[in-house]
Amino acid sequence: QVQLVESGGGLVQAGGSLRLSCAASGSINRFNVMGWYRQAPGKQRELVAAIPSRGITNYADSVKGRFAISRDNAKNTVYLQLNSLKPEDTAVYYCNLNNLPNLYWGQGTQVTVSS
């Protein structure tokens, strides 16, 4: 049984910053990929950033240079630093763990950016 617990999120003005955290617990493979997705109202869920336990990070073009993903393997925790936020970043952000052969999702945390 794997659980993902997210924290962070909230309401911020355009240009502001937020930090999201997601802690995974349970039976977790030594090699896995953790990431963040987001879903805005009326839109499909999309990848924001992903980071493997070893390897190269991956970012959506829309967040490159503004967001930074990192992880603490000892704590099985992934972070997403959101800088220079824009109103179009408003969405529910979901933590994701690719723990082959299974995929897990967090409960989601709301990020709202006011103009």
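The values are calculated or read from the model by the stated rules, or taken from the named source; none is laboratory data. Not measured: the values here are computed from a predicted model. Positions of Cβ are generated from backbone atoms using ideal geometry, with glycine treated the same way; all protein chains shown enter the neighbour counts. With ligands, DNA and RNA removed, areas are computed over all heavy atoms of the protein, side chains included. Shrake-Rupley method; radii C 1.70, N 1.55, O 1.52, S 1.80 Å.
Below is a table of values for the structure above.
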| quantity | calculated |
| --- | --- |
| Dipole moment magnitude, nearest 20 debye, the chain about Cα centre, only Lys, Arg, Asp, Glu C-beta charged | 180 |
| Label-reachable residues, segment 30-50, where backbone N falls under 19 Å from a point 7 Å from S7's Cα toward its Cβ | 35-36 |
| Length released on extending from I56 to S114, taking residue separation times 0.36 nm less the Cα-Cα span | 17.7 nm |
| Ratio Rg/Rh, restricted to segment 18-99 and using Cα atoms, in which Rh is the Kirkwood radius | 0.96 |
| Accessible surface, per residue, of the chain when the full set of protein chains is kept, probe 1.4 Å, Å² | 54 |
